[in-house]
Structure formats: structure tokens, C-alpha cells
Amino acid sequence: MSATKPTNPPVRLRRGETFEAPIETLAYGGRGIARPGGYVVFVGGGLPGDTVRAEVTKSKKGYAEANALEILSPSPDRLPDVDLHQGEPCPGASWQALSYERQLAFKEEHVADALTRIGRIEGVNIDPIVGADEQWRYRNKVEYSFGEQDGELVLGFHPRGRWDEVLDIEDCHLSSEATNKARNEVLAWAKSEGLNAYDPHDHRGILRNLVIREGRRTGQVQTRLVTSKANFPRPPVDLHTMIEGPSGSTSGPTGVLGEEFLRERIFDLDIILSHDAFFQTNTEMAEKLYGLAAEYAGLTGTEKLFDLYCGVGTIGLSMARQAGQVWGLEIVPEAIENAKRNAKANGITNARFVAANARTGMRPLIEEAGRPDVITVDPPRAGLSAKIVRRLIECEAKRIVYISCNPTTLAPNAAQLIEAGYRLTRVRPVDMFPQTPHIECVAQFDLVGEVKYVESPSERKRRERDERREAAQEAGE
Ligand SMILES: C[S@@+](CC[C@H](N)C(=O)[O-])C[C@H]1O[C@@H](n2cnc3c(N)ncnc32)[C@H](O)[C@@H]1O
């Protein structure tokens, strides 16, 4: 009898250690996967076919994270980087060296992988990914950071993993020429006024960020300057946000100096947005996304539609003419005010909007509106909590169209819906973010038979306690 040859266990690499290894494939989120000594390492800055020298930044028992320090031999499939800032590839376009066909193939694969591996859902029908119209200059919103290099003010992006440095930018290839021009003008003004950048180490200095949004269909460019609280001449921007203290966020009290609202057109709808309202960052592909959501919703003119996580109402409003009634729910009150204005401005009279948290607002919404026939749900990257999915299930809608910007959070939500009696009928990725690993997709769930309520452990405990109490009362009567 021949003994099986023992295989050596993988050797764990510790934080700060460097290694050399080939990149085998790409993980969800865009990092390359290497296996030095059999140990799995997710490597930022490495693409399949590259051999890299990398430094470990985080070490766990089963895997590590690392950043590529040097590409020792590049993959023969690498394309030359076109979006470079000070000689470094743009950190916002980390897949630019991959051909667009391979980017699309990885995104399709990552959606399928998340649903089968995380959601444990078999036999999912994944329709082919919808490729983007524009592979560059598609972003309608960019957030730049101010910094200093050798005492000189710069305005650009943080290099990967270096939050306290800023790469100067002349031309961001992901955004339009018009918004690049606006950025350079604000930088020239700040230099001419002799203003300095906020320093995240000692929390001194004035200029923090510049947020630029663009109405792609209206040509409007809106600029918002984010600064510390300080006195300086009136800036040449539309909005000015002043932040006290060491916050890294760009949200804060905002004064209006020019145009308050951003105006945009989606399909035949005129839309306005407040600066703190969410809007899809790729306007052209948002239409494709919403068109696909409408196709999956399959409205016939009579249905009651709930548009959950509705932002400024674009999904519900673009479907309102095919629905009986639309009810939008969203947590940001300004976005709800925008949605109401957008309905009115477009002559849509069958849409109502409610400012509420989805967690607590869904039961009151059902009480007010009655149960929906169809739901569209479009949460942030974190997806839905198990509790919110239970609230969704309580709606007993015959169809749910889930618009997801993160397949790894869609997957457990999908599994929970399936457990409650829904079928995952089809899924289709839509590429809203070329040159990046970000993935958007639309999933259609159909109720098969009756809803099966699945309780959480705390709900079960509460029910059992109530039942015991009722039984004791009956016994005492
Ligand atoms: C991905 S965006 C989608 C917005 C809109 N459907 C669109 O296409 O423009 C997610 C939205 O959910 C909102 N949101 C986040 N958490 C929420 C919550 N707990 N309850 C309700 N809305 C929430 C955000 O403010 C944001 O507008």
C-alpha cells in the first residue's frame, strides 16, 4: 500500500513581509489573487499574468492582503495605462490595463460566483452583461482632495493605500473635459489666494475637497468646495461646505453661492438634485439600468409599485406611466423633497414619496398605501439587513426587482428571499463603471405560491413568550 505524500501546509505571511509571486486571477473587489507557498494573498495593483513583488498589509490565518511594490514581469495581456497622474496609474481606474472584454468577463464571473458561493443558489439564469456606452469620461461626479507637494498646492486623488498623500491631476480621464476645466479653475483661484490644504495629521489648513457634479444632458457643471471653518475670500463655486473638526467626510453645513440644484434629464424626465441627494454616477448607463429594471418589473399599467431606496425618485418616476400608483421611500429628506418636485415638474400625479428609514418605514408604508404588487429596491453597497429583507417579505409583492451595486450583499439577501418563497428568475449585470472593478446588476424575484415567513431568533422568542402569556391568561380565565 502506498502512503499519500504529505502536502506542506501553507506558510502564513506576516504584516510588513514582502514576497514575489504570479497573480493567478482577480478577486471580487478587483485585487489580484496570488498563492505564495499555498497561502492566499489578495494583491492590490496586480493583474492576472503579472509577477509582482508585494508587501503584506494585513495578515489573517487563512489569507492576507498586500500591495504590489513592483511588477517584476508584466502580463503579456496588459494594455498600456492611459490615465496616468504624475506617472502613476489613476487609482480610480485600477482595471485600465485589462482589455474591456476581460473586464466584462470578470464582472459576469464575479456575479455568478457571489450567488453560488455566498448565496449557495444553484442554476441561476445570468443574462449577458450590458457593456457601457462610453469606456472613458462617463463619470458625472468626482470628489477631489487638496494636498501639498513641496509646499505647492495640488488637487487630485489619494494614491492607493496612501490616504495622506495626493497625486496632482491635469486630466482625469473618467470625467469630462468640462469638469476637468472646472477643477483646474478652482485650483488656480486657490493658488492665487495663497490658501493652504488641510493637513490630516495636525488638522490645520483650509482646503479639504472639491466635489464636481455634471448634468450630462443639460451641460451644467456644479462645484462644491469643502473647507475647514476659516475666513477667506468668497470662492468661485456653487456651494461651500464648512467642516469643523477632523472629519474625513465631505458632508456638513453647506452655503449656496451659485446654482443650488443640479439639473439633469433621464429619458424624458427633467430631474433636479440637491447636493446631498444620491444620483447614479453614470447618467447614460443609468438609463440602461432603469430600462432593464422596468423590463424585469413587467408593469402593465395597473400595479402598485413600491420604489424603495428611491433617492430623487428616478426609478419610480421612470416607471410611473406603466404603473397604477408609485410609492417611493428614501432616508434623505432633501432627496424626497427633490422627488416630489420632480414628479410635479414632469406632470406625474400617481407618485407619492415618503422620507423614512427602510427598517422602520415599511410597515407604516403598507398601512398607508396597502400591499404593493411590485417592488423595486436599490440599496447602498451594504445591501439589506436580514430584518429589512423580512420587512420586504411582509409586503408579499408578487415580484421584487433588486438593483444591486454589490453582488456579495445581493447574494445573502437573495438566499433569504428564496427561503421565503421567491424564485430568482434572472439576473443581469450592467457595467456602470468601466476601468474599475465595481459591479452593478439587476435581479428579478418572483413569488411562487405563498410567502413563507422565516422568523429571526429574537422574533421567535418574542412570539413564544406572547403565546405562553396568552395561554396562562386563558388558563386563569
Ligand atoms: C444606491 S442609491 C439609489 C437611489 C436611487 N434609487 C437612484 O437610482 O438614484 C441608495 C439610496 O438609499 C438611500 N438609503 C440609504 N440607507 C437607507 C435606509 N436605511 N432607508 C431608506 N433609504 C436609504 C440613500 O440615501 C440613497 O439615496
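Simple point charges give the picture: +1 on the Cβ of Lys and Arg, -1 on the Cβ of Asp and Glu, and for the chain a dipole about the Cα centre of about 1260 debye. Of the residues GLU459, GLU177, the one with the fewest other Cβ atoms within 10 Å heads the list, and the complete ranking is GLU177, GLU459. Among ARG381, ARG53, a tally of other beta-carbon atoms within 10 Å of each Cβ gives an order, fewest to most, of ARG381, ARG53. Between LEU155, ALA471, GLY219, the Cα set farthest toward the positive side of the dipole of the chain (charges on each charged residue's Cβ, about the Cα centre) is that of ALA471. Summed over qualifying helices (DSSP H, 4 residues or more, each -39500 (n - 2.57)) and divided by its residue number, the chain shows a 222 nm mean residue ellipticity of -8000 deg cm²/dmol.
Stokes-Einstein diffusion for the chain, with the hydrodynamic radius set to the Kirkwood value over Cα pairs and evaluated at 25 °C in a medium of 0.890 mPa s, equals 98 µm²/s. In this structure, the pairs whose alpha-carbon distance is over 20 Å, taken from LYS304/LYS398; LYS387/LYS452; LYS387/LYS461; LYS61/LYS387; LYS191/LYS229, are LYS61/LYS387. Computed over the stretch 379-430, the range of Cα coordinates on each principal axis works out to 27, 22, 15 Å, biggest value leading. If only the Cβ of Lys and Arg carry +1 and only the Cβ of Asp and Glu carry -1, the dipole of the stretch 141-262 around its Cα centre is close to 420 debye. With contacts taken as Cα pairs under 8 Å at a separation of at least 6 residues, the chain carries a relative contact order of 12 percent. Considering only alpha-carbon pairs that sit under 8 angstrom and 6 or more positions apart, the relative contact order computed for the stretch 141-262 is 19 percent. Span-like helix check, the chain: qualifying full DSSP H segments, with Cα axial length of 15 Å or more and mean Kyte-Doolittle of -0.5 or more, are 283-297, 358-369, 407-419. Basic side chains Lys and Arg get +1 at the Cβ, acidic Asp and Glu get -1 at the Cβ, and with that the dipole of the stretch 18-78 about its Cα centre reaches some 260 debye. For the stretch 141-262, the fraction of C-alpha pairs farther apart than 21 angstrom is 34 percent. Place +1 on the Cβ of every Lys and Arg and -1 on the Cβ of every Asp and Glu in the chain, take the dipole about the Cα centre, and give the residue among PRO235, GLY311, THR281 whose Cα lies farthest towards its positive end. Going by the Cα projections, it comes out as GLY311. Each of PHE106, LEU84, GLY62 was scored by the projection of its Cα onto the charge dipole of the stretch 42-131, and the greatest displacement toward the positive side belongs to GLY62; charges sit on the C-beta of Lys, Arg, Asp and Glu. With bins 10 Å wide beginning at 0, the percent of Cα pairs of the stretch 18-78 falling in each bin runs 28, 61, 11, 0.
Every number here is computed from the coordinates shown, using simple stated rules; none is lab data. Since the model is a prediction, treat every value here as computed from it, not as a measurement. Because the Cβ atoms are built from the backbone with ideal geometry, glycine has one as well, and the counts that use them run over all protein chains shown.
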